[in-house]
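Since the structure comes first, as structure tokens, the remarks are kept for the end.
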Amino acid sequence: MLKQLLLGVFVAVFSLLTCWQDASAADRPNLIFLLTDDQRWDALGCMGNPVIKTPNIDRLAEEGVVFENAFATTAICATSRASFITGQYARRHGIVDFRAVLTPEAFSQTFPALLRANGYQTAFIGKWGVGNQLPADQYDYWKGFSGQGKYFVDGRPHMTKHLEDQTLEFLDTCSPEKPFCLQVSFKAAHCQDGPGWQFQHAPKYAEYYEDDTIVPAETANDEHYQKLPKQLQGGESRVRWHRRFDGDEMVQKNIKDYYRLLTGVDDFVGAMVAKLQEKKLADNTVILFTSDHGFFLGEHGLSGKWLMYEESIRIPMIVFDPRLPKNKRGQRREEMVLNIDVAPTLLDLAGIEPSSVMQGQSMKGLVEGNQSSGWRTEFLYEHLFPHATIPQSEGVREDRWKYVFYPKSEPKLEQLFDLQQDPHEVNNLADDPKHTDKLKAMQAELDQMRTSLQ
């Protein structure tokens, strides 16, 4: 009799645990990771841009959490994209050019692989951008492409609309039995490389911003270009400036076209959210929106990215979680968050322990409105891409100070900026005797990070 009673208790407890586990699996949020290309932090209405129209993304910001100080640890697409999925600095994941690929062992520790191993259906749509091999067999739904791709291909709509169609197809066909993680990696607002039309938006946006006048940035002039160290003049950033921002006519056209591409992304977001609502997925789907790095729109007489100036390394970062209570929505957080934080954040949201090789920090607690005690106050920047006319650089970015070192430049080049007093990074204090102690402290900090973050 006692055995039967104990057996009954055991079965009841086991049934309760099984139900709890099933409920937990069902309650796990769907995750959508939206990654634009070359979108600087202020190319959104919600980030204070007075010209660009991005109402759908702005709505995510109003109802979600905006991180005002978000950065890429490397401002080049292949390296940064590897950092997003691995949660690691470049000196650990090793992707510093466009050919290197993640080994199977390394990929198994990425957020999409760990989510899939823990019951998520995974999907990738858009520009892969990490190495010259596509991991199509590592996803349940794969619509990725290699290289940069083209905005216009015969027989299909504009690239951004094409990605939208694929996204809606996935949301229409994904299994309701399992949570999903969808990655959409845009080509927009990347230029179409080479001469000619740089920012190739869809025809429907041709009249957008026609009546607006773009006001060039304070440093977007020849005077500030001439103030750059000679080692930073005449390289690839200046070559591309001549294609895009050499004179007011080019400035007006190309910045407006850049904005038109991003308005296309905004329309994508609107269509995607509408589909989530139609499929009754909206209440349990977290959306994380960001970019692989920033972009010079003529500042310092430059175009492109790569260098450690703010225009190049700052990115938008918005986390929309519909499960947040109303009093936690609409936050604008000041903490310094990084591209390497995305992987542990997505895993944390899914209730999965981040891999021990990840170097980022989960933003989940910040999203939920918790205190940021112990959060970072500095980070390592590293641009180790080998290129004849793009200088390699390393540096440390603190809340107030920034130190940059160019290891291959001749003669030796260092920069020290007081971002509080000099937000446009015009006055290099590295040779100022008044700041010798600060320079030495940041040199030591860089040396320490080189070792500790490998």
Taking the mean number of other Cβ atoms within 10 Å as a proxy for protection, how do you rank 247-255, 260-268, 325-333 from highest to lowest?
260-268, 247-255, 325-333
Taking only pairs that are 8 or more places apart or on different chains, how many Lys pairs in region 133-209 have Cα atoms under 16 angstrom apart?
6
Would you mind putting 143-152, 280-289, 207-216, 309-318 in packing order, based on average other-beta-carbon counts within 10 Å, highest first?
309-318, 280-289, 143-152, 207-216
Relative contact order for region 100-244, counting Cα pairs under 8 Å that sit 6 or more residues apart, in percent:
21 percent
Would you list which lysines come within 25 Å of K230, measuring only between C-alpha atoms, while excluding same-chain residues fewer than 8 positions from it?
K305, K402, K408, K412, K434, K438, K440
Can you tell me the length gained on complete extension of the stretch Q233 to F152, counting 0.36 nm per residue apart and subtracting the Cα distance?
25.8 nm
To the nearest 10 degrees, how steeply does helix 77-86 sit against the main Cα axis of the chain, on a 0 to 90 scale?
30 degrees
Let me make sure I get this right: for region 18-113, a, b and c are the square roots of the gyration tensor eigenvalues over alpha carbons, sorted descending. Under 1.5 in a/c it's rounded, otherwise prolate if a/b > b/c, else oblate. Which is it?
oblate
When only C-alpha pairs under 8 Å and at least 6 residues apart count, what is the relative contact order of the chain, in percent?
24 percent
Output for region 21-97: chymotrypsin sites (Phe, Trp or Tyr not before Pro) sitting in coil per DSSP, at most 16 other Cβ within 10 Å, listed by number, reads none
Specify whether the C-alpha gyration tensor of region 375-454 places it in the rounded, prolate or oblate class, a ≥ b ≥ c being the square roots of the eigenvalues: rounded for a/c under 1.5, otherwise prolate if a/b is larger than b/c and oblate if not.
oblate
Per residue, what accessible area does region 372-454 have, given a 1.4 Å probe and all protein chains present, in Å²?
51 Å²
Report in % the part of the accessible area of the chain that belongs to carbon and sulfur, leaving out ligands and nucleic acids; probe 1.4 Å.
52 percent
Rounded if a/c is under 1.5, else prolate if a/b beats b/c, else oblate: with a ≥ b ≥ c from the C-alpha gyration tensor eigenvalues square-rooted, which is the chain?
prolate
Got the relative contact order for region 320-454 handy, in percent, Cα pairs under 8 Å and 6 or more residues apart?
14 percent
Qualifying GluC sites (Glu not before Pro) in region 360-451, DSSP loop, other Cβ atoms within 10 Å at most 16:
E368
Charges at C-beta only: +1 for Lys and Arg, -1 for Asp and Glu. How large is the resulting dipole of the chain about its Cα centre, in Debye rounded to 20?
1000 debye
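The values are calculated or read from the model by the stated rules, or taken from the named source; none is laboratory data. Quick caveat: nothing in here was measured; it's all calculated off a predicted structure. Here Cβ is always computed from backbone atoms with ideal geometry, including for glycine, and neighbour counts include all displayed protein chains. Accessible surface areas use protein heavy atoms only, side chains included; no ligands, DNA or RNA. Shrake-Rupley method; radii C 1.70, N 1.55, O 1.52, S 1.80 Å.
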